[in-house]
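Structure first, commentary second.
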Amino acid sequence: MKRMAFTLAALALAAAAHAQVTVSDPWVRATVPQQKATGLFMHIDAAQDVKLVAGQSPVAGVVEIHEMVMEGDVMKMREIPGGLEIAKGRTMSLKPGGYHVMLMDLKQQIKGGETVPVTLTFEEIASKKRFTHEVKAPVTALGAGNAAPAAMQHGKH
């Protein structure tokens, strides 16, 4: 009986954590053979103030949260120390040329039409409690540009 109560409590906590963030339109850019990095893009909505602090994926040895910034006249990509803050009630768009998740030290070529699983780790800003959110991101074909697959775009018919 205690085991069942513990299991139900664990499931309730997992459901509560899952409801804290909503990820929409995730996608990963395809790679060429021997390419060792690619980007994961998506929209994130949060029910409370959180930070995206980490990630992991079976296709990558390293997953980092990055941003593109201008330093003088040069656009540079860098990891965001401490994570990316996502305010309650505001959609955070991770997109090419801006905030994104880098999948690095790739273990294989990422091909259009595949799906890449990624586990994102978030931290509640108020309590510092961490929780994870599973994402299954479709891969855009090479040459598809900087946009999510057509089936994933909001407002497109």
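Quick note: the coordinates plus some simple rules give every number you see, no bench work behind them. Keep in mind the model is a prediction, meaning the values are calculated, not measured. Glycine also receives a Cβ, built like all others from the backbone with ideal geometry; neighbour counts cover every protein chain displayed.
Name the residues in segment 75-100 that are assigned to a loop (DSSP other than H, G, I, E, B), of a type in the set (A, V, I, L, M) and either more than 15 Å from the chain's Cα centre (by Cα) or over 15 Å from residue 122 (Cα atoms) (or both), would you?
87
Are any of the residues in segment 131-141 assigned to a loop (DSSP other than H, G, I, E, B) and either touching a Pro at 6+ places or on another chain (Cβ under 6 Å) or within 14 Å of residue 49 (Cβ to Cβ) (or both)?
Within segment 131-141, none of the residues are assigned to a loop (DSSP other than H, G, I, E, B) and either touching a Pro at 6+ places or on another chain (Cβ under 6 Å) or within 14 Å of residue 49 (Cβ to Cβ) (or both).
Which members of segment 43-74 meet the condition of being in a loop (DSSP other than H, G, I, E, B) and either under 19 Å from residue 125 (Cβ atoms) or among the aliphatic types (A, V, I, L, M) (or both)?
47, 48, 49, 59
(1) touching a strand residue (DSSP E or B) at 6+ places or on another chain (Cβ under 8 Å); (2) surrounded by fewer than 18 Cβ atoms within 10 Å (Cβ to Cβ): which one isn't true of residue 109, the others all being true?
(1)
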